[in-house]
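The values are calculated or read from the model by the stated rules, or taken from the named source; none is laboratory data. It should be emphasised that the depicted structure is a prediction, and the values quoted were computed from it without experimental measurement. Quick reminder, even Gly has a Cβ in these numbers, built from the backbone with ideal geometry, and neighbours come from all protein chains shown.
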Amino acid sequence: MAALVQRAPTHHLVAISETGTEFHSYLSPTGATAAEVDAGNVGFSTNAFNLKNLGANLWGVPVNSPGTWLQSDSRRVGETVKGPVLITPGGAMTLIVVAGQSNASGRGTAGATAPTNASRLWLFDDQQNWVQLSEPADAESAQQIDIAFNEGVAVGNSFATSLADTIAGGIAGNVGVLMAAKGATSTTDWQRGTHPVGRGTLYGGLLGKVRHALRYPGVTLGAIVWSQGPRDATEVTPTWDTNMDTFIADLRADLSLPNLPIIYEHIPPTVATPTASYPSWATVRTQQEGWAQATVPKRVMVDPPDGPFELDGASVHFTTPTAETFGASLGAAYLAL
């Protein structure tokens, strides 16, 4: 387990009372702005909890998610806590963000293959907790924080576990996956928009969730894995390439990672549903090919298998075997960076 890390005071312990072995706290940020709350940089807790003895007369107050503790040197009312103290499962972790539309979220219905490196694979879930990675990786809960990612339909198995398992086979340490996807979304839907960025948008939800994950000690962002394009192919005059120029430039700037890699899907050549549903399929494929050849660094295009697919209305979704094969290809592309 990673060493506990003490940071500058950010919260004030407003009230605390003891009921048996259970304590009740009410925490408020010290000088927190609405923008900081919106960006996921501060948290609140009004829950019952058990204080955790961290040693050296320090007591941990759980906040937001398991493994997140505010550190206090006493149990007095009004104590200014010294935190947060964030504990990363297993220590160092490479974080991979899976984003885009339905094939990123996952729609496979067949059973998923058990990963080889299961104990080293983690998911930063919809409640922003670290849990062991399993499929469906993008399963929603009633407590989902970023409502922009609500699908409204049952999600299935994705390529996330296969992707992470392949990466874990080639690097030391753990691999974490962060899902930030929503079906039937275009590159226009993923644009940043004006500042400040709100968590209620797709871009803002992705950014806030990533920022929160990166607060954990030892977590480094390895890449954005992007599976998206069919929605743009429904448009008469798609602008997938220029929209992606803006999207990745904004994301790199907001995360202060100018060379953040993006590994993205080249939508397959065969449209298994009527071509009238996707009049610009070939155009988007061409734009994706040109985008990979641009001079901007760390853009890697990966071809998925050309089927088999599962059909849902006018959509083309990967089966579980197709998704797992594609995940392995994406993982290999990451290891080759």
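Could you tell me whether any residue of the stretch 217-236 is more than 16 Å from Ile263 (Cβ to Cβ), modelled with pLDDT under 90 and of a type outside the set (Ser, Thr, Tyr)? Within the stretch 217-236, one or more residues are more than 16 Å from Ile263 (Cβ to Cβ), modelled with pLDDT under 90 and of a type outside the set (Ser, Thr, Tyr). Against the conditions (1) closer than 23 Å to Phe124 by Cα; (2) surrounded by 23 or more Cβ atoms within 10 Å (Cβ to Cβ); (3) of a type in the set (Val, Ile, Thr); (4) more than 16 Å from the chain's Cα centre (by Cα), Val225 satisfies every one except (4). For the stretch 161-170, the count of residues that are part of a loop (DSSP other than H, G, I, E, B), buried (at least 17 other Cβ atoms within 10 Å of the Cβ) and in contact (Cβ under 8 Å) with a residue 40 or more places away in the chain is zero. Residues that are assigned to a helix (DSSP H, G or I) and assigned by TED's automatic domain parsing to the domain that holds Arg107 do not occur anywhere in the stretch 216-226.
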